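The values are calculated or read from the model by the stated rules, or taken from the named source; none is laboratory data. No experiment lies behind these values; they were computed from the predicted model shown. Virtual Cβ from ideal backbone geometry, glycine too; neighbours counted across all protein chains shown.
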Amino acid sequence: MTSSLQALLPSTERALLHRIAVAQTEGRAPSLVGGVVREGETVWFGARSCVDGHAPDADTQYRIGSITKVFTAVLVMRLRDEGLLGLEDPLEKHLQGTGVGEVTIAQLLGHSSGLGAEAPSPWWERTPGTLRPELADVLGERPMVHPVGRVHHYSNPGYTLLGSLVEAVRGVSWEEALRTEILEPLGMTRTTLQPVAPHAGGWAVHPWADVMMPEPAEDLGLMAPAGQLWSTVGDLCRFAGFLAQGDDRVLARASVEEMRVPAAPSAAADPESGYGLGLQLVRKDGRTLIGHTGSLPGFVATLWVSVEDGLAAVALANATSGPLVGLVAADLVRIVAEAEPRVPEPWRPLPEAEVDQELLALTGPWYWGTYAFGLRVGAARGVTLEPLRGVGRRAAFRALPEGGWIGLDGYYQGETLRVVRRPDGTVSHLDLGSFVFTREPYEQGDAVPGGVDEAGWRGL
């Protein structure tokens, strides 16, 4: 049930149903299901099926393929947050004997490790995992196809290594860690390694005729952390809410936000997409979507979240190819965002306890050379620095316990902003990664690197 505040308009619901109906028909999928989340609450579900009267519901399992990788990445981030490993640690520090131990955990998460895209023959998605009982069988004789850390190259074996890393550090199976640390806290009772009824069967649809053939559903063994899971629209909508807001029972919001930051350069052929720490990042219809796509023989799946819109969408189908569920999920987000744009929260002043007079005194205009910027104070003593006209380097900053601020985005991400005071305690200037911001442009006596011309400003 949805609250009256969250319920969608009938016209919006019809547009959503029309979108998945078109996708099921044009994509020639035996069935296709979709769901929409708004502000953390599932507000719509729709389904289309080739069997009259037997449309799947939000509790019907589909195989979700590489969406599994997001779960594996969350388990790794939990280990990082507990201090059991560092993202810049070489794999060898925690998982010995792989032969590729020089790659870092961050490089594995972001697919910049240099590892190959697939395991050696035979095709791992259509053969039992018992054919690859050891990591050496997954990696093969030539595991590296690119220099370490140089390019983004999607790697399924890389996530096999991360699953084995979780087991080595946690001391339990990847499956047990997944169940106790993510699925149970989030109430995802219908997400499993093996299919549990009701579930869809996977089908291959002939590309030139309206006939079908069942696809095998293999247990992937060691490759499971890269693509094993079965899930439902209902469960994935819960997971989407977690990816939007974080959940301290699973992973803090700040760590989920860290996963969304691009970890490696985008491929030149696709400048509108990128990859964070286990999350795909795309630009579509003027908005940023985070999440993941997935496919295994017989199934395609997508989960997209638009944090800015407070929306997420899931699309699942049981066909090897045909339905473009990545576009479908993006369209479900777009339809709701355009028809029912997010209503902003009311403006409210800061709580009295957060009002800092010294910080208020720093607000207003500052000058980097002759460029004018404005400093604005936000919640939790955070600040933003933005150009007062034209384009420029805008950034938000988070307050540091020891004083000063750390950049959160843009050019100044990771850079430190600090207040520099004179011997008498008055403010001299702001220092941002060595850039000096003064209250006046090139004022005599200010701490401007290189000094100020003694004659001052003049006409022609």
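Values computed for the structure shown
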| item | result |
| --- | --- |
| Test set (1) β-branched (Val, Ile, Thr); (2) within 19 Å of residue 362 (Cα to Cα); (3) in the same structural domain as residue 377 (by TED's automatic domain parsing) - residue 448 fails condition number | (3) |
| Matching strands (runs of 3 or more DSSP E) fully within the stretch 202-321 where at least 1 residues are farther than 30 Å from residue 340 by Cα and not β-branched (Val, Ile, Thr) | 203-205, 212-214, 287-296, 299-306 |
| Of all residues making up the stretch 402-452, the number that are farther than 30 Å from residue 255 by Cβ and exposed (fewer than 10 other Cβ atoms within 10 Å of the Cβ) | 7 |
| Residue, surrounded by the most Cβ atoms within 10 Å (Cβ to Cβ), within the stretch 302-343, restricted to residues that are under 21 Å from residue 290 (Cβ atoms) and out of contact with any strand residue (DSSP E or B) (no Cβ under 9 Å at 6 or more places or on another chain) | 338 |
| Matching residues, the stretch 33-74, being small (Gly, Ala, Ser) and touching a residue at least 40 places away in the same chain (Cβ under 8 Å) | 34, 35, 40, 58, 65, 66, 73 |
| Residue list for the stretch 351-396, filter: within 24 Å of residue 452 (Cα to Cα), among the aliphatic types (A, V, I, L, M) and assigned to a loop (DSSP other than H, G, I, E, B) | 362, 388 |
| Residue identified as out of contact with any Lys or Arg (no Cβ under 9 Å at 6 or more places or on another chain) and at negative phi among 23, 55, 73 | 73 |
| Filter result (more than 18 Å from the chain's Cα centre (by Cα) and either hydrophobic (A, V, I, L, M, F, W, C) or not assigned by TED's automatic domain parsing to the domain that holds residue 68 (or both)) within the stretch 279-324 | 296, 299, 300, 316, 317, 319, 324 |
| Enumeration of residues in the stretch 166-201 that are assigned to a helix (DSSP H, G or I), in contact with a helix residue (DSSP H, G or I) (Cβ under 9 Å, 6 or more places away or on another chain) and of a type in the set (Gly, Ala, Ser) | 177 |
| Pairs where the first residue, in the stretch 109-124, is farther than 29 Å from residue 260 by Cβ and assigned by TED's automatic domain parsing to the domain that holds residue 74 and the second is modelled with pLDDT under 95 and assigned to a loop (DSSP other than H, G, I, E, B), C-beta under 8 Å, 6+ apart | 120/140; 120/141 |
| Condition met for residue 348 (in contact (Cβ under 8 Å) with a residue 40 or more places away in the chain and either loosely packed, with under 13 Cβ neighbours inside 10 Å or in a helix (DSSP H, G or I) (or both)) | no |
| Any helices (runs of 4 or more DSSP H) falling wholly within the stretch 60-165 and containing at least 2 residues that are in contact with a Gly (Cβ under 7 Å, 6 or more places away or on another chain), crowded, with 20+ Cβ neighbours inside 10 Å and aliphatic (A, V, I, L, M) | 68-81, 105-109 |
